[in-house]
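Enquirer: Let me give you the structure first, and then I'll get to my questions.
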Amino acid sequence: MATSRRVSRVASLIQQEVSQMVLHEIKDDRVGAGLVSVTDVNVSGDLQHAKIFVSIYGTDEAKAETMEGLKSATGYVRRELGKRVRLRRTPEVRFVEDQGIERGDRMLALLNQLNEERQSKGLDDDYIPATEEE
């Protein structure tokens, strides 16, 4: 079992290498359908599995197409990682769509909507409604 420091270093290195591959080396046209960025990599403690989180900007159709392209390029990515990253065994690679940015966007839109509603009702920012117990 590798130390947590080593696992995080390997994860960071995999993230850098896969980002370069996505930008410049994967020739599949489906990968270019949406704007793709590698947001995070989780590597198992034994360094045998790597879950690569990607954020895809585009329509739902472009996202699905891009994920299919990434899944078909899994073998290429693993082979290239084996050449670039010196490990005893190259980890199995799995791409997962990261929806954190979309959730954050949706949360921000809801907060803005609440703020607009408060302003339209003429409520102050410091106003806290009294409860019945007071």
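Enquirer: Which FRET efficiency, nearest 0.05, do Leu23 and Arg94 yield, Cβ-Cβ r, R0 22 Å?
Expert: Working: r = 20 Å, r/R0 = 0.90.
Between Leu23 and Arg94 the formula returns 0.65.
Enquirer: Give the long-range amide H neighbours of Asp98: residues separated by 5 or more places, or on another chain, with amide H under 5 Å away, using H modelled in the peptide plane at 1.01 Å from N.
Expert: Amide H neighbours of Asp98: Val54, Ser55, Ile56.
Enquirer: Among Gln119, Ile56, Gly104, which residue has its Cα furthest toward the positive end of the charge dipole of the chain, with +1 on Lys/Arg Cβ and -1 on Asp/Glu Cβ?
Expert: Projecting each Cα onto the dipole axis, the largest value belongs to Ile56.
Enquirer: Sorting check: for 80-91, 102-113, which peptide has the highest mean count of neighbouring beta carbons within 10 Å, and how do the rest follow?
Expert: Result, highest mean Cβ count within 10 Å first: 80-91, 102-113.
Enquirer: Take a quick pass over the chain and tell me how many lysine pairs come in under 26 angstrom between Cα atoms, counting only ones 8 or more apart or on separate chains.
Expert: Taking the chain as the scope, the lysine pair count is 9.
Enquirer: Also: Please name which of Leu70, Ile14, Thr39 has its Cα lying farthest along the dipole of the chain towards the positive end, using unit charges on Cβ (Lys, Arg +1; Asp, Glu -1) and the Cα centre as origin.
Expert: So the residue we want is Ile14.
Enquirer: Size of the dipole of the chain about the Cα centre, Lys and Arg at +1 and Asp and Glu at -1 on the beta carbon, nothing else charged, in debye to 20?
Expert: That gives the chain a dipole magnitude of about 1660 debye.
Enquirer: To make sure I understand, if each residue's beta carbon is the centre and we count other beta carbons within 10 Å, what order do Leu70, Leu47, Leu23 fall in, fewest to most?
Expert: Details: Leu70 25, Leu47 20, Leu23 12.
Going from least to most buried by this count: Leu23, Leu47, Leu70.
Enquirer: Let me ask you something else. Using a cut-off of 10 Å between beta-carbons, work out the net charge of the residues near Asn42 (Lys and Arg +1, Asp and Glu -1, Asn42 not included).
Expert: +1
We did not get these values from a lab; they are worked out from the coordinates using the rules stated. The model shown is predicted, which means the values in this text are computed figures rather than measured ones. Reconstructed Cβ throughout: ideal geometry from the backbone, glycine too, with neighbour counts over all protein chains shown.
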